[in-house]
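What follows is a set of notes on a single structure, which appears directly below.
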Amino acid sequence: MTRFPSILMTTKKRSTKAAAPQPAAQLFIAGPANAQGSPTPNQVLNFVVNSVALCSGYSASSISKSWVLGDPITDASGDKHPGAGLSQHGIDICLNPKLNQLIAYFGSTNTIPAGTYSTTSTIADVADDVGQRIP
Amino acid sequence: MNFLAHDRPCPALTPMIVHFFLLLPLLLAPTTQAQTAADSTLSPDAKAALKQHAAKDTNHDGLVSIDEEIAFAAKIAPAKFKPSDLSLPVVGKPAPGTKAVAEPTLNSWLERNVQVRQTFFNAKDSNNPAKFAWTKKTDEGAYYTVDAAVVLTSLMAPREFTLGNQAVWAAAMPVFEAHFSNQNNTHTAHNSQNSLLYALPVTFTYGRKFSPDDIRALMKAPIVNEQGSQYQTSDWIDGGEFTIFPAYRTDRDADIRALEMGVFWRPGVWVKAGLNRRQFLFGDTFSFRWDPMFGLETGRYEDGSKLLAPNAPDDYCRAVGRLHLEVGITSRLAITLDYTRRYNFLDANRDYHFRELSLVYQLDPDRVALVADASGEPATDKDGKPKRILVPGHFRIGASWKKGKDAPAFEQADTYSGWLGVQF
């Protein structure tokens, strides 16, 4: 039986079509690519946020670095993490191929296999990992 | 030659008749002469048959009755033999994506390229470590046990090719499982095991192909699903995955060698329908998410002991459909439904259904509490801020209903169960 998250709905549902960008979006202002042609961390983060938005239906501007890929959780520090609501299959089948296209675009073959990210991975975790895969 | 085919009438009678004719010359001769002849003229196979006959003939009347045959079969049979479900292995590291920096050490290489677990074909055990055990009881002989499964995750990391407007990522992960034990069997339990599995799941994951302009735009700023943006979540299914799953398994205990093949399809995400993505209804009151799988599975079994393991499957070619559905009601009540249907093309009467319905309610909610220091007072971190910890709820009640027959053994299930879970 699948374990059901008890704090599934501790956060309010986000609008799927946010009218106004949230302050979190200001974190994602893109900088120029570095001299090696690699993306900046903010560019990777923007791509990750947009990919999660495509798979989850939430507006990209409402997604912050603390979001998790699955259902909302409260971590051991008591911090609440909103969630994109994806299942493990949703992550492996919808999200990973999008991120792999970014990795391949920059010439890297260090692509993401299934199971690399879980429902409790945060956007920041994913962006860090994707950035490390691009030389 | 298989004398033990269980689909023949009165299967236990067949080996009895065979043994009877094998031993007829000996039975007609005086006992001492028969023993002498067995020792001097019989082939090793005939001697083995004679020895087995003696073991079966518990009342020493020279004949093996049906009851004696059944008793002997129960004594030595791997009655609990269950081949693994051919469903997809449970692979993947359930951990944060961030990894340690690669180092020129064996540990570092293994961390990045290999998964080692107890098994990959049982969701309950797929997160347990591989086990190599040697056990010695004071009044019994020692035995060893090996339960290990290995996946090479990087033999072929996802590689891209384009099919129409879809980017397809092909990946392969060789799987090897070994389960050994020389533990003694008893009349009530089959403890020994001797099985190997070699498999090579190959996945083809597909999704919309981004152009270079798309990638640059998606890196520039958060634009998806914003007003006026050309990048919007699909109204239909986004992505999917085909898996080809060849496997070869041996089980020397059960005298089984099997060649198996599966082809499965899983859809990606369909936001509006709650497919692989939680969908909310009536505010936060109801939510649901579902996950289907469709496929074809076929296998060829060389099963030399059907009588001993009557539930072991025969050759098969089955269509399979599986649905997992989760429904959340408020924050603490959940209903899950798993339904599987298999249709065996090789036997029109083999239409298997299996459903499991569960209702779970968490009696007390998770709570965030202050961490206590050694004196029982609230602990603080180096900045003087109070430390907090998430304390999961302790009590759950639930009920489950299982009905039908499921792979691999297709044993009939029709059970209701209720439970109270306590965890501190």
Please list, ordered by first then second residue, the pairs with beta carbon atoms under 6 Å, 6 or more apart or interchain, first in region B:384-399 and more than 14 Å from B:LEU370 (Cβ to Cβ) and at the interface with chain A (Cβ under 9 Å from one of its Cβ atoms), second loosely packed, with under 13 Cβ neighbours inside 10 Å and at pLDDT 75 or above. B:GLY398/B:TRP419
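When you look at B:PHE282, is it more than 27 Å from the chain's Cα centre (by Cα) and under 18 Å from A:GLY83 (Cβ atoms), yes or no? Steps first, please.
On the way: more than 27 Å from the chain's Cα centre (by Cα): yes; under 18 Å from A:GLY83 (Cβ atoms): no.
Considered against the rule, which asks whether it is more than 27 Å from the chain's Cα centre (by Cα) and under 18 Å from A:GLY83 (Cβ atoms), B:PHE282 comes out as no.
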Across region B:261-288, what is the number of residues that are in contact with an Asp or Glu (Cβ under 7 Å, 6 or more places away or on another chain) and among the charged types (D, E, K, R)? 3
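Count, please, the residues in region B:241-257 that happen to be away from every other protein chain (no Cβ under 14 Å) and aromatic (Phe, Trp, Tyr).
Keep residues of region B:241-257 that are away from every other protein chain (no Cβ under 14 Å), which gives B:244, B:246-257.
Filter once more, keeping what is aromatic (Phe, Trp, Tyr): B:248.
Residues in region B:241-257 being away from every other protein chain (no Cβ under 14 Å) and aromatic (Phe, Trp, Tyr): 1 in total.
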B:HIS187 versus (1) at pLDDT 90 or above; (2) in contact with a helix residue (DSSP H, G or I) (Cβ under 7 Å, 6 or more places away or on another chain): which is the lone unmet condition? (1)
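So is B:LYS131 charged (D, E, K, R), more than 13 Å from chain A (Cβ to nearest Cβ) and in contact (Cβ under 8 Å) with a residue 12 or more places away in the chain or not? Please lay out each step first, then the result.
Working: charged (D, E, K, R): yes; more than 13 Å from chain A (Cβ to nearest Cβ): yes; in contact (Cβ under 8 Å) with a residue 12 or more places away in the chain: yes.
Judged against the criteria, B:LYS131 is a match.
Condition first: under 24 Å from A:ASP92 (Cα atoms) and either part of a strand (DSSP E or B) or away from every other protein chain (no Cβ under 11 Å) (or both). Can you find one or more residues in region B:223-238 that meet it? Explain how you work it out, then say what you get.
Our first condition is that a residue be under 24 Å from A:ASP92 (Cα atoms); within region B:223-238, this holds for B:223-225, B:231-238.
Now narrow it down to the ones that are either part of a strand (DSSP E or B) or away from every other protein chain (no Cβ under 11 Å) (or both): B:236, B:238.
Yes, that holds for at least one residue.
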Give just the number: which of (1) part of a strand (DSSP E or B); (2) surrounded by fewer than 15 Cβ atoms within 10 Å (Cβ to Cβ); (3) at pLDDT below 80 does B:VAL368 not satisfy? (2)
Scan of region B:231-266 for residues that are over 23 Å from B:LEU197 (Cβ atoms) and of a type in the set (A, V, I, L, M), ordered by number: B:ILE237
Verdict on B:TRP419 being within 13 Å of another protein chain (Cβ to nearest Cβ), modelled with pLDDT of 75 or more and under 30 Å from B:GLY299 (Cα atoms): no
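Keeping to region B:158-180, report how many residues are small (Gly, Ala, Ser) and within 12 Å of A:PRO97 (Cα to Cα). Spell out the reasoning first.
Quick first cut of region B:158-180, residues small (Gly, Ala, Ser) only: B:164, B:167, B:170-172, B:178.
Retained after the next criterion (residues that are within 12 Å of A:PRO97 (Cα to Cα)): B:167, B:170-171.
Residues in region B:158-180 being small (Gly, Ala, Ser) and within 12 Å of A:PRO97 (Cα to Cα): 3 in total.
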Filtering region B:223-279 down to residues that are farther than 28 Å from A:SER61 by Cβ and of a type in the set (Ser, Thr, Tyr), which residue is surrounded by the most Cβ atoms within 10 Å (Cβ to Cβ)? B:THR243
Test B:GLU260 against the criterion of being among the acidic types (Asp, Glu) and touching a residue at least 60 places away in the same chain (Cβ under 8 Å), and give yes or no. yes
Could you grab me the full set of residues in region A:77-135 that are aromatic (Phe, Trp, Tyr) and surrounded by fewer than 24 Cβ atoms within 10 Å (Cβ to Cβ)? A:TYR105, A:PHE106
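The values are calculated or read from the model by the stated rules, or taken from the named source; none is laboratory data. The model shown is predicted, which means the values in this text are computed figures rather than measured ones. Neighbour counts run over all protein chains shown; Cβ positions are idealised from the backbone, glycine included.
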